[in-house]
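Enquirer: For reference, the structure I am asking about is given below.
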Amino acid sequence: MDFNDFSQRISKIKNLPLPGTESHYKMAPLERINTLQSIELKRKNAKKAAVMALFYPNQSSSTNLLLILRKSYKGVHSNQIGFPGGKVEKEDKDLLHTALRETYEEVGVAPTKVQVIRSLTELYIPPSNFVVHPYVGLYPEVTPFKIQESEVEALVEVSLDEFMDDRTIIYQKLTTSYAQNIDVPAFKLNGYTVWGATAMMLSEVKELFKQVL
């Protein structure tokens, strides 16, 4: 879809009710859903993070979604696909500031260049004990991204058409932090398997987009 057309249509999601937790559960294995429903006490003491689902034009003016492949490190999200974003720091004035700051640090997009459309439903991630607050934003410039090499292994640029195609939803046997060799719902995007928290947040984005595109 042409980015200018997309930008005009997507502004309509500001006034839509959020699909919420039910949309998250569509991309979560049963084991994860059971875990999420049984740990409200731990969630109250969770750390906070914020991420940005960033949409932008490619060289042909079609719309892309930006994801990143994280570096390998000693942590539960090592070498996984995610959104630009990260944990709240003391100097952040609010969660949106966190999302914009981290997006700038990780992929070089200045906060002033991002048109923030809206926030989405927060998601608790048990393995890392984080509550993540996602935002949807537009980056209208065809400007090369600049990755933070210490954090980002590669950019994963996904066309809007591919993201919205229901045929990209798959089930794959994976070993997770809470179960071994289970069927996990995932998106297959640009050759990468996108599962877990990122897939759950993408599910809400997709449900909103289906109402306006």
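Enquirer: With the requirement that a residue be touching a Pro at 6+ places or on another chain (Cβ under 9 Å), more than 15 Å from M201 (Cα to Cα) and among the polar types (S, T, N, Q), what does region 89-138 give you?
Expert: T103, Q115
Enquirer: Taking the options K210, K188, K206, name whichever one is in contact with a helix residue (DSSP H, G or I) (Cβ under 7 Å, 6 or more places away or on another chain) and open to solvent by 60 Å² or more (accessible area, probe 1.4 Å).
Expert: Unique residue meeting the criteria: K188.
Enquirer: Can you name every residue in region 119-158 that is closer than 26 Å to F3 by Cβ and among the β-branched types (V, I, T)?
Expert: Scanning region 119-158 gives T121, V136, V142, T143, I147, V152, V156, V158.
Enquirer: Another question, then. Has region 168-181 got at least one residue that is surrounded by 20 or more Cβ atoms within 10 Å (Cβ to Cβ) and out of contact with any helix residue (DSSP H, G or I) (no Cβ under 7 Å at 6 or more places or on another chain)? Break it down stepwise before answering.
Expert: First pass over region 168-181, keeping only residues surrounded by 20 or more Cβ atoms within 10 Å (Cβ to Cβ): none.
No: zero hits.
Enquirer: Further question on the same structure: Identify all residues within region 119-173 that are part of a strand (DSSP E or B), at pLDDT below 90 and of a type in the set (A, V, I, L, M); write none if there are none.
Expert: I125
Enquirer: If K47 passes every condition in (1) modelled with pLDDT under 95; (2) crowded, with 18+ Cβ neighbours inside 10 Å but one, which one does it miss?
Expert: K47 satisfies all of (1) modelled with pLDDT under 95; (2) crowded, with 18+ Cβ neighbours inside 10 Å except (2).
Enquirer: Answer with yes or no whether H97 is of a type outside the set (S, T, N, Q) and either in contact with a Leu (Cβ under 8 Å, 6 or more places away or on another chain) or exposed (fewer than 15 other Cβ atoms within 10 Å of the Cβ) (or both).
Expert: Numbers: of a type outside the set (S, T, N, Q): yes; either in contact with a Leu (Cβ under 8 Å, 6 or more places away or on another chain) or exposed (fewer than 15 other Cβ atoms within 10 Å of the Cβ) (or both): no.
No, not satisfied.
Enquirer: Does region 78-94 hold any residues that are in a loop (DSSP other than H, G, I, E, B), touching a residue at least 12 places away in the same chain (Cβ under 8 Å) and open to solvent by 60 Å² or more (accessible area, probe 1.4 Å), and which are they? Quick ask: steps written out before the conclusion?
Expert: If we filter region 78-94 for residues that are in a loop (DSSP other than H, G, I, E, B), which is where we start, we get 78-80, 83-84, 88-94.
Right, trim to touching a residue at least 12 places away in the same chain (Cβ under 8 Å) and you get 79-80, 83-84, 88-89.
The answer is N79, E89.
The values are calculated or read from the model by the stated rules, or taken from the named source; none is laboratory data. It should be emphasised that the depicted structure is a prediction, and the values quoted were computed from it without experimental measurement. In this analysis, Cβ positions are derived from the backbone assuming ideal geometry, glycine residues included, and neighbour counts consider all displayed protein chains. For the accessible areas, the whole protein counts, side chains as well, though only heavy atoms, and no ligand, DNA or RNA atoms are used. Shrake-Rupley method; radii C 1.70, N 1.55, O 1.52, S 1.80 Å.
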